[in-house]
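The values are calculated or read from the model by the stated rules, or taken from the named source; none is laboratory data. For clarity, every value in this text was computed on a predicted model and none was experimentally measured. Cβ coordinates were reconstructed from backbone atoms using ideal geometry, including for glycine residues, and neighbour counts include every protein chain displayed. Just so you know, the surface numbers come from the protein's heavy atoms only, side chains and all, with ligands and any DNA or RNA stripped out. Shrake-Rupley method; radii C 1.70, N 1.55, O 1.52, S 1.80 Å.
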Amino acid sequence: MPSPDNPFGVYVHWPFCLSKCPYCDFNSHVRRAPVDEPRFVRAFTAEIAATAARAPDRTVSAIFFGGGTPSLMQPATVGAIMESIARHWRIAPDAEVTLEANPTSVEAARFRGYRAAGVNRVSLGVQSLDDHVLAELGRTHSAREALDAVAIARAIFDRYSFDLIYARPRQTPQEWESELRLALGEAGEHLSLYQLTIEADTPFAALHAAGKLKTPDDDTARALYDITQEICGAHGLPAYEISNHARAGGESRHNLIYWRGHEYAGVGPGAHGRLDIGGDRHAIATEKQPEAWLTRVETQGHGLITDDTLTREEMADEFLLMGLRLAEGIDIARYTALAGRSLDPARIAMLREHGLVETTSQGRLRVTLPGFPVLDAVVADLAA
Ligand SMILES: C[S@@+](CC[C@H](N)C(=O)[O-])C[C@H]1O[C@@H](n2cnc3c(N)ncnc32)[C@H](O)[C@@H]1O
Ligand code: SF4
């Protein structure tokens with residue numbers, strides 16, 4: 001996997017969607033009136049300038065337009081934000097520039113414009129290849145439309161990925177196997193495969209609580225997970241992260257910045273960042289509500305509502321939590337340097353005996369395939 005010494009990412013959050021999917025708790029909002037994109041561009045420009053003033057002289061290795069639905073932005077809006085990033089930081093010549101897109105024909109029609117604006121990778125929210133399931137998930141596209149959008153992405157961008165959600169209500173291992181095989185036939189170098197999570201305060205959470213939406217039991221969920229690993233591995237797209245699969249070199253470089261504990265700026269409503277300022281790591285977050293974010297940026301030049309200096313212990317916990325999501329695991333010596341203490345060898349030995357983690361001769365600790373379904377418990381045990 002590519003790993004420049006000091007990778008630096010920029011996350012740009014576009015907080016609008018055409019409709020709200022009933023399972024989703026991302027910071028996304030539906031607006032009746034058209035969004036005033038030039039006003040947002042001015043605010044993004046101001047927030048990028050304010051962030052770069054605190055964290056100057058960085059070389060940007062990855063930019064990620066996430067949402068919400070960034071494919072609702074006009075290409076000129078994406079272009080203006082790219083220009084503003086380039087005015088304040090150096091952009092590496094081989095920087096990865098990803099945009100998340102919903103797979104509708106209207107949005108795919110903007111792909112050429114995004115490429116001209118500097119985007120070189122798209123990540124499409126396909127979610128399912130079954131029209132009944134798409135309707136149940138509240139999606140506004142059909143499977144055919146999604147596959148057409150994937151084909152357009154393949155023709156226009158060097159790199160593309162798409163997302164599927166599995167472990168859905170009533171889904172059998174056989175059904176998932178055939179859907180996954182179909183998806184792999186359309187996949188490039190990268191696929192994100194998320195198990196359906198029932199997020200608090202969503203319509204799915206209400207249905208789930210009322211017994212009207214049942215997620216697979218533990219045995220079925222485990223069978224679905226095992227099939228995913230087996231089929232993707234055999235197809236040359238093994239999991240490099242708990243929910244992300246890629247050929248070697250096809251990993252999302254932006255997301256690797258998060259998981260490897262590197263530095264990134266977050267701009268836009270509800271964006272998070274981790275900036276190294278004056279030898280300290282700052283955990284940064286902006287106002288989530290889009291109009292309140294605009295007002296803050298317009299009055300104070302940035303939308304920050306959180307700016308915490310992390311303690312050594314917090315940095316070490318975060319490094320463990322993020323790094324163990326990766327198949328490559330963590331560098332044990334880096335953990336020790338961050339925490340100022342070693343991981344407990346007795347706990348590692350116990351987890352190893354249970355086949356949940358392994359250590360390598362290069363001094364890395366990583367979670368095994370059987371360990372990933374119980375990752376939260378493994379991390380909690382090691383961090384205790
Ligand atoms: C910010 S969203 C996607 C962007 C785009 N708006 C879309 O829906 O196509 C990122 C991805 O998270 C996944 N996701 C969102 N909510 C989820 C949930 N409750 N359980 C599992 N995956 C979820 C979906 O696969 C989605 O594509
Ligand atoms: S899944 Fe995507 S389209 Fe649906 S509400 Fe969430 S961010 Fe918006």
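Only one of F40, F8, F16, F26 is more than 16 Å from ligand 1 (Cβ to nearest atom), within 13 Å of P269 (Cβ to Cβ) and modelled with pLDDT of 95 or more; which?
Result: F40 is the single residue among F40, F8, F16, F26 that is more than 16 Å from ligand 1 (Cβ to nearest atom), within 13 Å of P269 (Cβ to Cβ) and modelled with pLDDT of 95 or more.
Do you know which residues across segment 180-207 are over 22 Å from I242 (Cβ atoms) and either open to solvent by less than 20 Å² (accessible area, probe 1.4 Å) or away from ligand 2 (no atom under 15 Å from the Cβ) (or both)?
Listed by number, the residues that qualify are L182, G185, E186, A206, L207.
Kindly check whether there is at least one residue in segment 100-118 that is under 21 Å from E230 (Cβ atoms) and over 20 Å from the mean Cα position of the chain (by Cα). Show your work before the answer.
From segment 100-118, those under 21 Å from E230 (Cβ atoms) are none; that's our starting set.
No; the residues of segment 100-118 include none that is under 21 Å from E230 (Cβ atoms) and over 20 Å from the mean Cα position of the chain (by Cα).
If I ask for residues that are farther than 14 Å from E230 by Cα, in a loop (DSSP other than H, G, I, E, B) and open to solvent by 60 Å² or more (accessible area, probe 1.4 Å), which ones from segment 355-373 would you list?
Correct list: S361, Q362.
Answer yes if at least one residue in segment 119-134 is within 25 Å of P75 (Cα to Cα), within 21 Å of the chain's Cα centre (by Cα) and surrounded by fewer than 22 Cβ atoms within 10 Å (Cβ to Cβ), and no otherwise.
Within segment 119-134, one or more residues are within 25 Å of P75 (Cα to Cα), within 21 Å of the chain's Cα centre (by Cα) and surrounded by fewer than 22 Cβ atoms within 10 Å (Cβ to Cβ).
Name the helices (runs of 4 or more DSSP H) wholly within segment 214-322 that hold at least 3 residues that are open to solvent by 30 Å² or more (accessible area, probe 1.4 Å) and either touching a Phe, Trp or Tyr at 6+ places or on another chain (Cβ under 7 Å) or within 18 Å of A50 (Cα to Cα) (or both)?
290-300
Let's see how each residue does on (1) more than 16 Å from the chain's Cα centre (by Cα); (2) surrounded by 19 or more Cβ atoms within 10 Å (Cβ to Cβ); (3) closer than 29 Å to I165 by Cβ:
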position	(1), (2), (3)
V12	no, yes, yes
Y23	yes, yes, yes
S28	no, yes, yes
V41	yes, yes, no
I63	no, yes, yes
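All but one of (1) open to solvent by 40 Å² or more (accessible area, probe 1.4 Å); (2) within 12 Å of ligand 2 (Cβ to nearest atom) hold for D57, so report the exception by its number.
(2)
Does segment 327-351 hold any residues that are buried (at least 16 other Cβ atoms within 10 Å of the Cβ) and in a helix (DSSP H, G or I), and which are they?
Listed by number, the residues that qualify are I332, R334, Y335, L338, A339, I348, L351.
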